[in-house]
Amino acid sequence: MSDDAPAAVSAETTPPDLPDDGLVVVVKRDCPTCLLVVPVLEQLADDGELTVLVQDDTEPFAHLPRCSADDDLDVSWALQVTTVPTLVRRQGGQEVARTEGWLREEWQGLTGRSDLGPQLPDFRPGCGSLSEEPARWARLQVRHEGGRLRSRRIQISALDDEMESLFERGFTDGLPVVPPTPERVLRMLDATSRSPDDLVAVVPPDLVECTVEKVAINAVMAGCKPEYLPVVLTAVEAACTDEFNIHGVLATTWFAGPLVVVNGPMARAIGMNSGINALGQGNRANATIGRALQLVIRNVGGGRPGGIDRATLGNPGKYTFCFAEDEEGSPWESLATERGVAEDRSAVTLFAAEGVRGLADQDSRTPESLARTFAACLRTVAHPRALVAFDAMVVVSPEHGRVFAEAGWSKARLHRELAELLMTDTDSVLKGLDGMAPGLDPSLAGLRLPKFRDGGLLITYAGGGAGMFSAIIGSWASGAIGSQPVTLEVRP
């Protein structure tokens, strides 16, 4: 994303000083346990080593020496306080022990005093720290960690509509986007172990260096949850490889755009849809992961329709096209495993996809018949006379998958059968035959050629349990002259 991209940067603040040695307790008035332990704090104050920090009203604690307000919550943030009261022992400028709530045994062990609160019950749980309240936590994170963000902040006046401002600046795909505030971007970045300034890829067509932060900004705008970010990062990396060739996918006048297929534990963990309507709308992870990739290409790389994106018609999948494979229901190894990724690992496969075309066969009860249906429909990819020119993906539905599984057909067997069924005598597809101009050059007469190059037909498994319908997704020009599918393992 260029320097004009939406982001926000806040100055990093320095946490308040804490005593190098002694006890620090964080409390708040609006906490019954904090009020309960006031007599204990009075006992510890007599030793002269207790510092009391109050998150709200200091009045119940004001009589204690070394009591001060932490109403900006900077100390609570620095100490990572999640519960009050929190008692911390510091030594040599470092924390060496802490306890939360009131548990006499732990307080006595931490302070070295055996006479604390004899009149109190042995245990009372604490309350949530004010620094953990979502709105306050987000503001604190911006104040203390905002310096991690490097993108230029765009100021929008209070009278301006945020959504309309993003439309006007060209940062959307035609649909509203979520404003990428510093709070949202930092929350997104928390989902990865990678540094915000790590380089993810150089994004065509403008060949702009894209950092983790830039991807996070676009993931926010797309509506992603933070836990989706590792998948989005992997999709961006895969799209920008020479093999996938996103520049070519953009520049072609063909329909193609990037399709993201996700495999492995992460797909299930983030709630991706691999079942009913897997290729359609309604699932947040599917919809926003694919959209985030498209927004990175648009906003970082400059790949916009009418510019470098020259698609004659395009397809709705260029908004977003992403689904998970149904590995638990599948009778076969997953697409990622087939392409070299260990079964217990998560992976993303990028495929240059046109729109979805339906494949209906409600009559075949044998794999031989169903395979012939698949082959007949696959012959139409791009053009019935186009050979070794385009790749394709078949998304096999559960009802069709059951026909193959009950007959004991492996995925490799289906690949072999389809490859044989799709071999074509070139004499039948030459230019001009049957009054049709397209076809192979007459110099190729007398040969027998495959419909797809070796490795150019991918088979995946997804969909609802009812309906004897599968799907074919054609691709763009195949192999080194166009785009090749790319599979990368997801890393945190």
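Here, each number is a calculation from the coordinates, and none is a lab measurement. In this text, all values refer to a predicted model and were calculated from it rather than measured experimentally. Methodologically, a virtual Cβ is constructed for each residue, glycine included, from the backbone with ideal geometry; neighbour enumeration extends over all protein chains shown.
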>> Skipping prolines and chain starts, which residues have an amide H placed within reach, meaning under 5 Å, of the one on Thr83, given they are 5 or more residues away or on another chain?
In response: Ser129
> Amide H to amide H, which residues 5 or more places from Ala69 or on other chains are under 5 Å from it, using H placed in the peptide plane?
Replying inline: Val54
> What ³J(HN,Hα) values, in whole Hz, does the Karplus curve 6.51 cos²θ - 1.76 cosθ + 1.60 give for the stretch 251-265 when θ = phi - 60°, with x put for Gly and Pro?
Replying inline: 6, 5, 7, 5, 7, 5, x, x, 9, 10, 10, 10, 10, x, x
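Sort 202-213, 283-294 by packing, meaning the average of other beta carbons within 10 Å per residue, with the highest value first.
Final packing ranking: 283-294, 202-213.
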> Check Val486: other-chain or 5+ apart residues with amide H under 5 Å from its amide H, H built from backbone geometry?
Replying inline: Leu350
>> Test of understanding: what is the full-extension gain from Asp206 to Asp441, defined as 0.36 nm times their sequence separation minus their Cα-Cα distance?
In response: 80.9 nm
>> How large is the Kirkwood hydrodynamic radius of the stretch 421-480, counting all unique pairs of alpha carbons, in Å?
In response: 14.4 Å
> Which three extents, in whole angstrom, do the alpha-carbon atoms of the stretch 31-167 cover along their principal axes, largest first?
Replying inline: 65, 32, 24
> Dipole of the chain (Lys/Arg Cβ +1, Asp/Glu Cβ -1, origin at the Cα centre): which of Thr373, Gly248, Val75 lies farthest to the positive side?
Replying inline: Thr373
>> From the convex hull of the Cα coordinates of the chain, what is the mean projected area in square nanometres?
In response: 29.9 nm²
> What number, rounded to the nearest 500 deg cm²/dmol, is the helix-based mean residue ellipticity at 222 nm of the chain, given -39500 (n - 2.57) per DSSP H run of at least four residues and division by all its residues?
Replying inline: -8000 deg cm²/dmol
> With +1 on each Lys and Arg Cβ and -1 on each Asp and Glu Cβ, how big is the dipole of the chain about its Cα centre, in debye rounded to the nearest 20?
Replying inline: 1780 debye
> Under the rule that a partner needs its Cβ under 4.7 Å from the first Cβ, which Cys of the chain have none?
Replying inline: Cys67, Cys210, Cys224, Cys240, Cys322, Cys377
> Per residue and in cubic angstrom, what volume does the convex hull of the Cα atoms of the stretch 317-467 have?
Replying inline: 135 Å³
> Taking the Cα centre of the stretch 425-479 as origin and charging only Cβ (+1 Lys, Arg; -1 Asp, Glu), how large is the dipole, in debye to the nearest 20?
Replying inline: 140 debye
> For the stretch 81-132, what log10 I(q)/I(0) values come out of the Debye formula at q = 0.21, 0.24, 0.28 1/Å, with one point per alpha carbon and no solvent?
Replying inline: -0.79, -0.95, -1.09
> What per residue convex hull volume, in Å³, do the alpha-carbon atoms of the stretch 227-373 yield?
Replying inline: 134 Å³
> Counting Lys and Arg as +1 and Asp and Glu as -1, what is the net charge of the other residues whose Cβ lies under 14 Å from the Cβ of Asp160?
Replying inline: -3
> Say the dipole of the chain comes from +1 at the beta carbon of Lys and Arg and -1 at that of Asp and Glu; which of Leu421, Gly408, Ser195 then lies farthest toward its positive end?
Replying inline: Leu421
